[in-house]
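Enquirer: The structure that follows is given in the form of structure tokens.
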Amino acid sequence: MKIHAQQQQYTSKQNAVNHIETGRTHNSPVVNNKNVQVSFFSEDFEGGDLGNQTTISQDGDTQNWNVVSASAHSGTYHATSAYWNQSPLTPDNWLITPAIDLSGATDTIFLEWYVAAQDQSWPSEVYRVLDSTSGTNDCTAVDAQLVSINIPSYTLPNTDVDIAGTVKNIGTSNITSFDVNYTVNGTSAGIYSVTGINLATGDNYDFVHNIPFNESVESIYTIEVIISNVNGGNDGNLSNNSLSSDINVTSNLATRTVLVEEFTTEECGSCPPVLQYLENIIDNDSNVIMMAHHSGFFTDFLTTQEADDMTVFYNDGGSTFTPAGMIDRAYDPDPYGDGTPVPGPVFWDRDPYGGNRINARKNTPAFVTVNICGAYDQTTRELNVRIEGEFMDNFSNMGVSLWVTEDHIAEQNQTGASSGFEHRFVERGVISSLLGDPITTSTNTGDTYQVEYTSYTMASYWNYDNLYLVAFVSKINDNDVNDREIANAVQIKLSDLIDCSTGINKLINDKIKVYPNPSTGNFTFSNVNNMSVNIYNMQGIEVYNNDNLNHILQINLSHFPNGTYFAKFTDNDKVGVKRIIIAK
């Protein structure tokens, strides 16, 4: 048995293991490996005895650990624990190392050992490896730990919020049941019983309480989650059974649209599976959008200068890899959750890492709205647009970016793809500056902004029916690539662009809120006092109307078919349109 820390430095994360194409853009792939191994503890029993190990026969049958000579592995001796003595035994024997000082360890720490069984087909040949930070043989038989709770920091009023979390078995006995209770400002919401499980030592169980949190009064609420009655009430350690978190119920926030920026090329044979994984997320969630930069591993027919310039976000001295992505350009030093650092916002975004980061960003509130209006002339291919919105918190050094993407472009020679593969939401060019154009007006709570882009000509070979505009507000920092986070984004199909003269844009994003969206048919609209509403399907047929609205409108459209609908709100001479999606 040995414990060691191993440092591995690559131009990307574990390239060979993760099947990441690596290299410097436009150059041959480069992989730099360096392994530095420091051993903190080692025992091979070659002294013919157990050395300074502590042994405990917990079952009291005196059949304890000892050292024998056998050829189970290289060397002469190994430690063994008997399971048979003329008849089957039921051993509960402990072999315990002395305390190991790991305070000087960095990066990933590995525990390695060799194991063999005299009869590997015998079903009772089992063992466990446990670690303790507080002493010898201190592992409690039944010990459920509430590892984490998953509760957003902000939510809108009258909105169901799932109370979710993860329980880990850190005891020596399997966990078969437990109860989950949560309190809101000290008042119990009810008990949810988890039964019918068989959680082994070290395993996790994800739960969702059957009673969601929902409050109408805007305030900050403290949620405490408690697990109890483990295996009928036998938890031997109650100190790790509860966690708490605050949630702010407020209407003063915007719906976040998460931007996934993917780095891919046709040379990358590992990219199609990751793209398919991300497409499944994007195509089923209207609040997640994508923009693909064809760079990072050689080039292809879709590579632009802007795509090449965007590799600065790898922040790795020019070293790049694909498939890779960044989510809202937000920097997470440990996106894989295993202590493996990354130098910039770009990381390996395959399953589950990409989805985990997308979900984390969706649960991060947005405090700025983003809207696009303008006009496009299909004859001259000239585009004139305005990006505008409102700040709901104090910001500094913010800028506006505007990009053009094209969806459903047929591949020419995509490595690793089947016939009919299409490139999705490919970046065609940036209309603004690469890192955004500074907002020169005040960016504090209640301030509005407006940036116009005029006389931009679309390329003739771009397919108008598949073109999109992507706009976002982000931090501008010329000196730190890890400080350019996107505050909020929006995507609109070019054919759906609304003329600014209608006044629709500002009303949509500055005032009216809709949630959840998509939904199974139940929608809540807020800030619609004294307005009228007419809802139409894609064929222009009216399916709902109401001429006298209060502050909150709650409607049930679940009896209508799945699809996209448009809710038109009228406030005197102002008109607003919200797109809603029924997905049952």
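Enquirer: Expressed as a rounded percentage, what relative contact order does the chain have, with Cα pairs under 8 Å and six or more residues apart?
Expert: 10 percent
Enquirer: Could you give the length gained by full extension between residue 112 and residue 375, i.e. 0.36 nm per residue of separation minus their alpha carbon distance, to one decimal place?
Expert: 88.3 nm
Enquirer: Express the Stokes-Einstein translational diffusion coefficient of region 144-249 in µm² s⁻¹, to the nearest whole number, given a Kirkwood radius over alpha-carbon pairs, 20 °C and a viscosity of 1.002 mPa s.
Expert: 152 µm²/s
Enquirer: Now for a different question. If r is the Cβ-Cβ distance from residue 442 to residue 284 and R0 is 51 Å, what FRET efficiency results, to the nearest 0.05?
Expert: With R0 = 51 Å, the Cβ-Cβ based efficiency is 0.85.
Enquirer: Moving on to the next point. Going toward the positive end of the dipole of the chain, with +1 on Lys and Arg Cβ and -1 on Asp and Glu Cβ, which of 297, 419, 433 do you reach last?
Expert: Positive-most Cα among the choices belongs to 433.
Enquirer: Here's a follow-up. How long, wide and thick is region 402-502, going by the Cα atoms along their three principal axes, in whole angstroms, largest first?
Expert: 51, 38, 21
Enquirer: Would you list the P(r) distribution for region 156-197, with all Cα-Cα distances sorted into 10 Å bins from 0 and each bin expressed as a whole %?
Expert: Spelled out bin by bin, region 156-197 gives 20, 45, 25, 8, 1 percent.
Enquirer: Now for a different question. With Rg and the Kirkwood Rh both taken from Cα atoms, where does Rg over Rh land for region 424-483?
Expert: Ratio of gyration radius to Kirkwood radius: 1.02.
Enquirer: Distance between the C-alpha centers of region 280-347 and region 196-254? Whole Å please.
Expert: What the calculation gives is 34 Å, centre to centre.
Enquirer: Let me check against my output: what whole-number percent is the relative contact order of region 391-503, with C-alpha pairs under 8 Å and at least 6 apart?
Expert: Value for region 391-503: 32 percent.
Enquirer: How large is log10 I(q)/I(0) at q = 0.07 Å⁻¹ when the Debye formula is applied to the Cα atoms of the chain, each weighted equally and without solvent?
Expert: The Cα Debye sum returns log10 ratios of -0.57.
Enquirer: May I ask for the angle, rounded to the nearest 10°, between helix 271-282 and the longest principal axis of the chain, with both axes built from Cα atoms and the value confined to 0 to 90°?
Expert: The two axes meet at around 60 degrees.
Enquirer: Need one number: nm distance between label points at residue 49 and residue 92, each 7 Å from Cα along Cα→Cβ, rounded to one decimal.
Expert: So the two model labels end up 2.9 nm from each other.
Enquirer: Under 1.5 on a/c is rounded, so check that first for region 240-384, then, if it is not, pick prolate when a/b is larger than b/c and oblate when it is not; a ≥ b ≥ c are the square roots of the alpha carbon gyration tensor eigenvalues.
Expert: oblate
Enquirer: For region 511-584, what does the convex hull of the Cα positions come to per residue, in cubic angstrom?
Expert: So the per-residue hull volume is 75 Å³.
Enquirer: Volume per residue, Å³, of the convex hull around the alpha-carbon atoms of region 252-502?
Expert: 129 Å³
Enquirer: Taking 0.36 nm per intervening residue step and subtracting the Cα-Cα distance, what contour gain separates residue 234 from residue 552 on full extension?
Expert: Result for the pair: 109.8 nm of gain on full extension.
Enquirer: Right, another one. How many Å³ per residue does the convex hull of the Cα positions in region 440-553 occupy?
Expert: Cα convex hull per residue, to the nearest whole number: 203 Å³.
Rule-based calculations on the coordinates, nothing more; no lab input. Computed from a prediction, not measured in an experiment: that's the story for all the values here. Positions of Cβ are generated from backbone atoms using ideal geometry, with glycine treated the same way; all protein chains shown enter the neighbour counts.
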